Every structure is written in C-alpha cells, then in structure tokens.
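The values are calculated or read from the model by the stated rules, or taken from the named source; none is laboratory data. Everything quoted here is computed from the prediction, not taken from an experiment. With ideal geometry, Cβ positions are generated from the backbone for all residues, glycine too; neighbour counts draw on all protein chains shown.
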Ligand SMILES: [Fe+2]
C-alpha cells in the first residue's frame, strides 16, 4: 500500500480538522500547536514498522488515526443504541482519546521511533521498510503518548488517560489490572475504553485486510517484490509542494524511496 502525496496531505488536513471541530477550551490550541510543531514527522509516520502489522507505509499513521476517529464515533452510536450509559463520558473525550491513542509511536521530542530500514537483507527479504530507532529509550506506546501530552502542557481527563492507556485491550497484558478484574468496583466506570479499543481493533483489521488479503489470495512469492517502498518509485511524481520542504534527513530518505 502506498499513499499518494495528495492523500497524505488531505489526511493531515482531516486530522487537524478533527481537533478543530471536536476539542474545546485552552487545550485545543495547545494540541494544534503541538501537532504543527511535529507536523512533518507525524504526517509521514507509518502506523507500524513491519508490513505484517498495519499501515506500515508513509502517511499510514494519520490514515489509521483518522479511521479510528470515524470508527469510534460510529461505535459510540452503536453502544448508545444498545443501552450503554453514555453519561459516563463525553464525545470530546472519545475523539481526544482516538486522536492521541497511538501518539507514543512518534518517538520523543528529538527522535522518530520508526526510521527507514538500513539493513538491505531485512528490507528485501522480510519486507521491513522501517526499523526501531535505538536512540529512543523504551516506553510503551500509551506511556510515551501520555508523557508527550503532559510535557507539552496538554491536559487530559481521567477518562482519556484510562482510554489511551488501555486502547490495546487485553492484547496488552499490562491492561489486565484495568480490564481483567472480577470486582465490580475495580472495573472501568465508563465504556469509553471499550469503544476506543473496538474502534482501534476494527481499523487495524480493515487495514490488515486491505494490505494482505489480496496478497494471500495469490502467490505470496509472487508478491514479495511489491513489499518494499523502493519498489514503488512510480509514485515519486506525486510529491507536492507541501511535502517538498521536509527537513528531517530520515524522512527525506524515506520520500526519496517513494
Ligand atoms: Fe491504533
């Protein structure tokens, strides 16, 4: 899967529009300022570093987050229709959590988490276009995302903290303390974390199907050549002015391979 530059650009505009239309108060401008500051990194980030995961291509992160926001709003209506107590969270909390649920994937202030793969063998044989940046000290994705928000003065509510922290549901063992209790008083007092998890699960599954089902229907061997960014050079003519001013060396390298 390769996004054209115009799609990367329009996805980014939608990402900012979601903040503009759903987030209120002082934190709205702070959130916009934060994402403007890291604009070129975030708009081109992949959602994962391995093709086996989802949206592991330039612009994949924002495309994924926008889908999670859409799915979360649809899931909210479903939960409401089925009688869930919707007074326990707000629509803003849902959208804020969805927008920022994977923020920890960006890395820290200085360094991107995912950088272009430098190992030729891994790139060609395993289809790994990205690798983890060892300059970034380890933290879980939710922990780093919440840290980045607080370190930029962006306040979040208890509900948002819980939803971002547990968005991987029981796929992350660390969430057992919140989600695996049989004690009623220890269960979340809102369905917000479950709605976000379902939205994220749905988006990631759809992205997996889009990437892999066509390949699995055919010969996997025959598809290997389509895996890496370097084999998609036909897209290079799609770079736009907006993407032409990239300063990051890593991103320039990545775009050169588009
Ligand atoms: Fe996600």
In this structure, does residue 13 turn out to be part of a helix (DSSP H, G or I) and touching a helix residue (DSSP H, G or I) at 6+ places or on another chain (Cβ under 7 Å)?
no
Subset of segment 58-77, residues more than 14 Å from residue 197 (Cα to Cα) and either within 13 Å of the ligand (Cβ to nearest atom) or surrounded by fewer than 24 Cβ atoms within 10 Å (Cβ to Cβ) (or both), comes to 60, 61, 62, 63, 66, 77
A careful count of residues in segment 57-69 that are in a helix (DSSP H, G or I) and farther than 12 Å from residue 22 by Cβ gives 9
Being in contact (Cβ under 8 Å) with a residue 60 or more places away in the chain and more than 16 Å from the ligand (Cβ to nearest atom) narrows 9, 29 down to just 9
Reported set for segment 38-49 where residues are farther than 15 Å from residue 18 by Cβ, crowded, with 22+ Cβ neighbours inside 10 Å and away from the ligand (no atom under 11 Å from the Cβ) is 44, 45, 46
The one condition residue 52 fails out of (1) surrounded by 15 or more Cβ atoms within 10 Å (Cβ to Cβ); (2) under 25 Å from residue 134 (Cβ atoms); (3) at pLDDT below 95 is (1)
Those residues of segment 175-194 which are away from the ligand (no atom under 16 Å from the Cβ) and part of a helix (DSSP H, G or I) amount to 176, 177, 178, 179, 184, 185, 186
Exercise. Looking at residue 197, is it outside any helix (DSSP H, G or I), within 16 Å of the ligand (Cβ to nearest atom), within 22 Å of residue 63 (Cβ to Cβ) and at pLDDT 95 or above?
Worked result: no
The one condition residue 131 fails out of (1) surrounded by 20 or more Cβ atoms within 10 Å (Cβ to Cβ); (2) over 27 Å from residue 71 (Cβ atoms) is (1)
